[in-house]
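J.: Can you read through this structure? Questions will come right after.
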Amino acid sequence: MSERISPTVRWRKVARALRRWRSEAGLRLEDVCAPLGWATSKLSRMERAEQAIGPAEVIALATIYGIGEQERDRYVALALQSRQKGWWTPYKTGDAIPEDFEEFVGLESEASQVRSYEDMVVTGLLQTEAYAAALVRAWLPRVSDHAVEERVRLRMARQERLHDGVPLRLDCVLTEAALRQQVGGAEVMREQLRHLLDMSELPHVSIQVVPLAAGAYPAQNCPFRLLSFPDPEDPAVACVEYLGGTLYVEETEDVEGFTLVFSGLKQQALGPSESAELIREIAEAG
């Protein structure tokens, strides 16, 4: 697969720069937008990474804020890159990729580490094709067979990050309930559990299981993912899925809360070796 440069990550970099430039300049939205003839909502949406940001717009804002040429040109280049199509674009046919999920794929594409907690399903980066297809088919409203196929293909493509030359580090906590839920039937689950065991042998993949006997534990019934990036300028993002989409949390204090909870989950879960043994027992019993 070609190099996975994510326009999503570049777009968010530019948006953060715009927020920082205006804050350092001590200007209100009105102060900036009036001379440009923009509605304040336009700049507000740009700063929240909700509206595309073009090179000309970056240059105009940099001029108002008195940004030096070198820094300005860096963000002009990033704005250009943010206009490129993501590697996942070929999968965007019909209803194959939910609109809100596209942003997550873009972030995951350049993450250096994903910390994932799932309570009732195996995390997407570790799912087999059959398991993933069973999950997609169970969703309501029902999607077409083509959408099922495309969503599964995308999920498998995302997993290639785990086998790159510089692989994505995956730190996964899931519950024993997720291992026992018969998604797709007994044979599909046996294959899925064997796949978990294979993946757990990779040095950059950690799988820990919260056993049923653990009782109450942090974030019970609230799955989430924490994405970290190789560039220190890119802050970690917490992603929480809900029935209607995905919530992205970026405020440092809030992300630290998710980090604390994930540490608590790891402490309450079985260690990687004990988790593998439990997975093996469930697979053999099933």
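The values are calculated or read from the model by the stated rules, or taken from the named source; none is laboratory data. Just so it is clear, the structure is predicted and the values come from calculations on it, not from any experiment. Positions of Cβ are backbone-derived with ideal geometry, glycine not excepted, and every protein chain shown enters the neighbour counts.
J.: Filter the range 237-277 down to residues that are of a type in the set (Phe, Trp, Tyr) and assigned to a strand (DSSP E or B) and give me whichever is nearest to Arg19 (Cα to Cα).
T.: Residue satisfying both the conditions and the ranking: Tyr248.
J.: Just give me the residues in the range 237-281 being among the small types (Gly, Ala, Ser), loosely packed, with under 14 Cβ neighbours inside 10 Å and at pLDDT below 95, in sequence order.
T.: Passing the criteria: only Gly244.
J.: Still on this model: Please go through the range 214-260 and pick out each residue that is hydrophobic (A, V, I, L, M, F, W, C) and in contact (Cβ under 8 Å) with a residue 60 or more places away in the chain.
T.: Hits for the range 214-260 are Ala219, Cys222, Phe224, Leu226, Leu227, Phe229, Val237, Cys239.
J.: Hey, among Ala52, Ala96, Ala60, which residue is at pLDDT 90 or above, of a type in the set (Gly, Ala, Ser) and out of contact with any Cys (no Cβ under 8 Å at 6 or more places or on another chain)?
T.: Ala60
J.: I need the full set of residues from the range 221-276 which are of a type in the set (Asp, Glu) and in contact with a strand residue (DSSP E or B) (Cβ under 6 Å, 6 or more places away or on another chain), in order please.
T.: Selection gives Glu250 alone.
J.: Taking the range 139-168 as the search range and keeping residues that are assigned to a helix (DSSP H, G or I) and over 22 Å from the mean Cα position of the chain (by Cα), which one is modelled with the highest pLDDT?
T.: So the residue we want is Asp145.
J.: Hey, does the range 30-42 have a residue that's of a type in the set (Phe, Trp, Tyr) and either within 24 Å of Phe104 (Cα to Cα) or modelled with pLDDT under 95 (or both)?
T.: Checked against the condition, which is being of a type in the set (Phe, Trp, Tyr) and either within 24 Å of Phe104 (Cα to Cα) or modelled with pLDDT under 95 (or both), the range 30-42 yields no hits at all.
J.: Of the conditions (1) at pLDDT below 95; (2) crowded, with 18+ Cβ neighbours inside 10 Å; (3) assigned to a strand (DSSP E or B), Asp234 clears all except one; give me its number.
T.: Every listed condition holds for Asp234 apart from (3).
J.: Separate question: For Asp171, only one of the following conditions fails: (1) assigned to a loop (DSSP other than H, G, I, E, B); (2) crowded, with 17+ Cβ neighbours inside 10 Å; (3) within 18 Å of the chain's Cα centre (by Cα); (4) not aromatic (Phe, Trp, Tyr). What is its number?
T.: Among (1) assigned to a loop (DSSP other than H, G, I, E, B); (2) crowded, with 17+ Cβ neighbours inside 10 Å; (3) within 18 Å of the chain's Cα centre (by Cα); (4) not aromatic (Phe, Trp, Tyr), Asp171 violates only (1).
J.: Whether any residue in the range 85-95 is outside the structural domain of Ala269 (by TED's automatic domain parsing), within 25 Å of Asn221 (Cα to Cα) and part of a loop (DSSP other than H, G, I, E, B) is what I want to check.
T.: no
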